[in-house]
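One structure is given here, and the rest of the page talks about it.
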Amino acid sequence: MSVKVLPLWINGQHTKSRSTRVADIFNPATGEVIRQVPLASTADVERAIAAAKAAFPGWRDTTPLRRSRILSKFKELLETHRAELAQLASEEHGKTLEDAAGSVQRGIEVVEFAIGAPHLLKGEHAENVGRGVDCHSLLQPVGVCAGITPFNFPAMVPMWMFPVSIACGNTFILKPSEKVPSCSLRMGELLKEAGLPDGVFNVVPGDKLAVDTLLAHPDVRAISFVGSTPIAKYIYETAAHHGKRVQALGGAKNHAIVMPDAELDFTADAIMGAAYGSAGERCMAISTVVAVGGVADVIVAKLKQRAEKLVVGPGNKKGVDMGPVISSAHRDKIVGYIDSGVAQGANLVTDGRGVKVAGHEKGFFVGPTLFDKVTTEMTIYTEEIFGPVLIVLRVKTLDEAITMVNNNPYANGTAIFTSSGAVARRFENEIEVGMVGINVPVPVPMAFFSFGGWKSSLFGDLHMHGMEGVYFYTRTKAITTRWPEVAERSSSTLNMPTLG
Ligand code: NAD
């Protein structure tokens, strides 16, 4: 069988990799290899860095308004090609077409935010910080930036990074997940069509070798990463060791707290989408329900009833609610977690193991799975499963629920379902998590706010997109100015200058 080997995207053109290594890309719904991707060599990555470095001075000096106009054109092209990008994401990832189209839309919204570059890059100015002295600040680009992205959002997560970075005047190298590289390569073509100068945006699919080359190279100034916690920690430590600024977003274990006063049908519907959408392969998926007081029996019954109605199948088929997971290895890992939950004494309410999809016997499917009476010692609680497995823990009080969430090392997202404003307000104030939903199951902030977790879900200081993204991709320079009159020019002192 021979399948197409994808190119790299360097300096505004398709570029053949010099690597001898390739990876198979699967259609997870059929289990077939649909194309291959080169695993970029050190020389490939160095070519991309050289192109990005050469393009930097011209792009830095391009006015923010001109950069913004190119991004406006890119946004139009993304809208025209939204269905095509969704199809590529669905084909390589497995998620449904509607879900993929929604995630492309969330990426487009970051481009919309970045189009505001002329406004976003305005510094501050203060007159008379001292007598006859003014001060202003500039937000200047950092140089060549790199992004390393996970498999679960082939278009959206790269768009959390590069539109803001480019809008700020940087050049960019994207190292997408080797499992889903096609959307990134296509976006390279669309950026060129929008008028982006060659070398400003480059794509080098690859694995650890490509990543390590980016992390160590002196010409790369900033690293953005999204992926699992152990790799995020490695990226943070290694890039910081090499003197780069880093934002490294990691894994998650997102809890939804269900209070006895919640509207339970609304809550169960919301948790369904949050737990099983994209087969649970979302960093903001709700994987853990904390049922407070006497609400557990009712909410578990409602979740079971809904989970068992979900239609599992290929993501491109109408009427399918949930597609396959990314690979056979990941399916086996998820099934292993379900086995461990049973072995450790959790109550398996709905079992997704062994699900069969007619005509897709070789696809990587796991059905919706629901566990009740899980405890915090069980592996299905302590580890991120990243699949369609929802677990329910039972606690007596809101205090216990808050303590449980705050004791968990992950802190990406969380939600509470309640009809009490006082409860919601207390939750918002005390919960130690980066993104919080009040009766909102997947509280992904809009592009003009910033996206990021706390604790083991983020290594680094600044979140992605929104103003935190602008600050990550710029360096602040403060300029203090005096235009002395001739009579004032003679004084000299060795003391620390004070103004005023
Ligand atoms: P991953 O950590 O395996 O891979 C992420 C990226 O790192 C990929 O580009 C991969 O090629 C690269 N990589 C993998 N191993 C590496 C190594 N040893 N050295 C250097 N680079 C390496 O993650 P994944 O499986 O692609 O994605 C799923 C994970 O991403 C989940 O843990 C999920 O929670 C997380 N995620 C987090 C967020 C967030 O915003 N916090 C968003 C999406 C996904």
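The values are calculated or read from the model by the stated rules, or taken from the named source; none is laboratory data. Values in this document were obtained by computation on a predicted structure and should not be read as measured data. As a convention, Cβ positions derive from the backbone with ideal geometry for all residues, glycine included, and neighbour counts pool all protein chains shown.
Values computed for the structure shown
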{"read-out": "Test for Ser490: is it hydroxyl-bearing (Ser, Thr, Tyr) and modelled with pLDDT under 95", "value": "yes"}
{"read-out": "Selected residue [under 18 Å from Asp198 (Cα atoms) and buried (at least 16 other Cβ atoms within 10 Å of the Cβ)] from Ser41, Ser68", "value": "Ser68"}
{"read-out": "Some residue of the range 255-264 being at pLDDT below 95 and part of a helix (DSSP H, G or I)", "value": "no"}
{"read-out": "Tally of residues being within 16 Å of Val258 (Cβ to Cβ) and in a helix (DSSP H, G or I) across the range 404-426", "value": "5"}
{"read-out": "In the range 231-270, residue surrounded by the fewest Cβ atoms within 10 Å (Cβ to Cβ) [restricted to those that are more than 14 Å from the ligand (Cβ to nearest atom) and basic (Lys, Arg)]", "value": "Arg245"}
{"read-out": "Subset of the range 430-480 (residues that are small (Gly, Ala, Ser) and either more than 15 Å from the ligand (Cβ to nearest atom) or farther than 21 Å from Pro150 by Cβ (or both))", "value": "Gly437, Ala478"}
{"read-out": "Number of the condition not met by Val111 [criteria: (1) within 16 Å of the ligand (Cβ to nearest atom); (2) within 29 Å of Ala50 (Cβ to Cβ)]", "value": "(1)"}
{"read-out": "Sole residue being within 16 Å of the ligand (Cβ to nearest atom), surrounded by 19 or more Cβ atoms within 10 Å (Cβ to Cβ), assigned to a helix (DSSP H, G or I) and hydrophobic (A, V, I, L, M, F, W, C), chosen from Leu191, Leu214", "value": "Leu214"}
{"read-out": "Subset of the range 227-255 that is touching a Ser or Thr at 6+ places or on another chain (Cβ under 7 Å) and hydrophobic (A, V, I, L, M, F, W, C) - its residue that is farthest from Glu281 (Cα to Cα)", "value": "Leu249"}
{"read-out": "Yes/no for Arg221 being within 22 Å of Phe451 (Cβ to Cβ), more than 10 Å from the ligand (Cβ to nearest atom) and surrounded by fewer than 24 Cβ atoms within 10 Å (Cβ to Cβ)", "value": "yes"}
{"read-out": "Test set (1) without any contact (Cβ under 8 Å) to a residue 12 or more places away in the chain; (2) of a type outside the set (Lys, Arg); (3) in the same structural domain as Asn407 (by TED's automatic domain parsing) - His241 fails condition number", "value": "(3)"}
{"read-out": "Selection count where residues are more than 14 Å from the chain's Cα centre (by Cα), closer than 17 Å to Ala274 by Cβ and surrounded by fewer than 21 Cβ atoms within 10 Å (Cβ to Cβ), scope the range 438-472", "value": "3"}
{"read-out": "Number of positions in the range 123-155 that are in contact (Cβ under 8 Å) with a residue 40 or more places away in the chain, away from the ligand (no atom under 16 Å from the Cβ) and either among the aromatic types (Phe, Trp, Tyr) or part of a loop (DSSP other than H, G, I, E, B) (or both)", "value": "5"}
